[in-house]
1. Given contacts defined as C-alpha pairs under 8 Å and at least six residues apart, what's the relative contact order of the chain, whole-number percent?
2. For a test of understanding, tell me how many lysine pairs in the range 79-172 have Cα atoms under 17 Å apart, given they are 8 or more places apart or on different chains.
3. I'd like the FRET efficiency for Asn212 and Gln5, computed as 1/(1 + (r/R0)^6) with the beta carbon distance as r and R0 of 25 Å, rounded to 0.05.
4. What is the range 169-230's relative contact order, in percent, from Cα pairs under 8 angstrom and six or more apart in sequence?
5. Stokes-Einstein D for the chain at 4 °C, 1.567 mPa s, Kirkwood Rh over Cα pairs, in µm²/s?
6. So, R0 is 41 Å and r is the distance between the beta-carbons of Lys173 and Lys105; what FRET efficiency does that work out to, to 0.05?
7. Work out the count of Lys pairs in the range 167-229 where the Cα-Cα distance is under 23 Å, with the pair 8 or more places apart or on different chains.
8. Could you state the number of Å between the C-alpha centres of the range 75-90 and the range 15-52?
Amino acid sequence: MIKIQHEHLDKFAKEHYESLKGKLTGFPEDCKYSLEEVLVAKPEKLDEIAKWAKDKTVDYEFMIKKYENFTTKKKEYDAYDLAKKLNVNVCPYCNINSTYTVIKKNNKKITRPEFDHFYDKSTHPILALSFYNLIPSCHSCNSTLKGSEEFSNETHINPYSESLDKVARFELKIEDSTFYHSINGFDVKLKTEDERAKNSIKSFELDILYQNHKDIVLELIKHLAKLKRC
């Protein structure tokens, strides 16, 4: 799991709000937070808004419909434009699958990553279009693995906040002497004491996914062995 890094994230969040505010007329006036606060809220603020809105009777379902409209191809600002700005080319959750955005010079929109809602939009519709709640991700992580599982900054790592390597590390477990030339000779596991990291590893089955890439680890082992002989 890697952190989404870009020096202009806050600028993009502001532009996201400016591009969408005219389409979100009807936002409840009795909401504790303004539309701008909701759309540009940083990850830690999303927690606060989610907790406040969860017990309210105000209907925010229209935000989901607005999100669905946002994800359709159109000439004006949409999910393709956001994905292109973020320029995240590998899924932040698994760090394996590609998440390229392709828009032709004539502005024909070809492909983009899916957007996972860190706070599930069905449970937290008020955050359906919040910039820092939209995680560009691959289909496997977004739809197959995470789905509508309940996430928060208290339970899982948000890629806009930090990366897994800050709180977890890979551990190579040697099974037998064949580890120098066979992927069956070792196992790769992620080790951490951080509960959020443990939950993230489990939700995205990262240990299992990385087992399928032991061939890369084997090449590193062989390379290190050659260096030692030099």
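Computed from the coordinates by the stated procedures, all read-outs in this text should not be read as laboratory data. On a predicted model such as this, the values are computed, not experimentally measured, just so you know. Here the Cβ is made from the backbone with ideal geometry for all residues, glycine too, and neighbour counts use every protein chain on show.
1. 20
2. Step by step, the pairs that qualify in the range 79-172 add up to 9.
3. The value I calculate is 0.45.
4. Computed value for the range 169-230: 31 percent relative contact order.
5. 67
6. Result of the calculation: an efficiency of 0.25.
7. Here the count comes out as 19.
8. Using only Cα atoms, the two centres lie 20 Å from each other.
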